[in-house]
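The values are calculated or read from the model by the stated rules, or taken from the named source; none is laboratory data. Computed from a prediction, not measured in an experiment: that's the story for all the values here. Cβ atoms come from the backbone with ideal geometry, glycine included; neighbour counts cover every protein chain shown.
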Amino acid sequence: MESTVINIHQDLIDACRRGDRTAQYKIYKLYYKAMYNTCLRIVNDTGEAEDIMQESFLEAFRQLPNYTAEGTFGSWLKRIVVNRSLDFLRKTKFTLSIEEEQLDFPETDEPNREEEMILRVNDVKSAMLQLPDNYRIILSLFLFEGYDHEEISQILNISNQLSRTRYSRARQKLLEILKEKSKYTSYNYN
């Protein structure tokens, strides 16, 4: 049995196949934020993420005749973005640069839960920047992009077991970084 998905934007996809620039712009507007965020989590550079995202859309529009609707258009597009992002990392052997963030702690003795949550999210983002590429990529693909280990192993051309091992080690390293950070803050990550 063939598994075909009905896309809610099928009319736009069909128009894009015919080369309709207005439809391409509408598809871009629908997906660009999510695709940019996916790319940014992998390459960790805003300028490069923007460029890769743009190139990914161009490639998607060129490859649209090959889109078979076996999955959603968004998941097909995300696969292109992920692959282009990983290609960028492979070609450039991207070196991470960690920028220090200024975090303002509340001045009151009573913790504000919303501010504390924002601080924790910022800590996780900062900690992820400190991870080696292979750890950061695995965590991003699994936690943020929702890929399972079988899909990750196909994307990265590694074994399923290696995907699981790297994820486990990346998660452990991230927790170590966060625990170290928690020594200097009023909350911990246990």
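Values computed for the structure shown
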| read-out | value |
| --- | --- |
| Verdict on Gln154 being farther than 25 Å from Lys179 by Cα, at pLDDT 90 or above and outside the structural domain of Ser56 (by TED's automatic domain parsing) | no |
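Residues are listed down the side, and each one gets a yes or a no for (1) more than 21 Å from Ile137 (Cβ to Cβ); (2) among the small types (Gly, Ala, Ser):
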| site | (1), (2) |
| --- | --- |
| Gln24 | yes, no |
| Glu50 | no, no |
| Met53 | no, no |
| Asn66 | yes, no |
| Gly74 | no, yes |
| Asn83 | no, no |
| Leu89 | no, no |
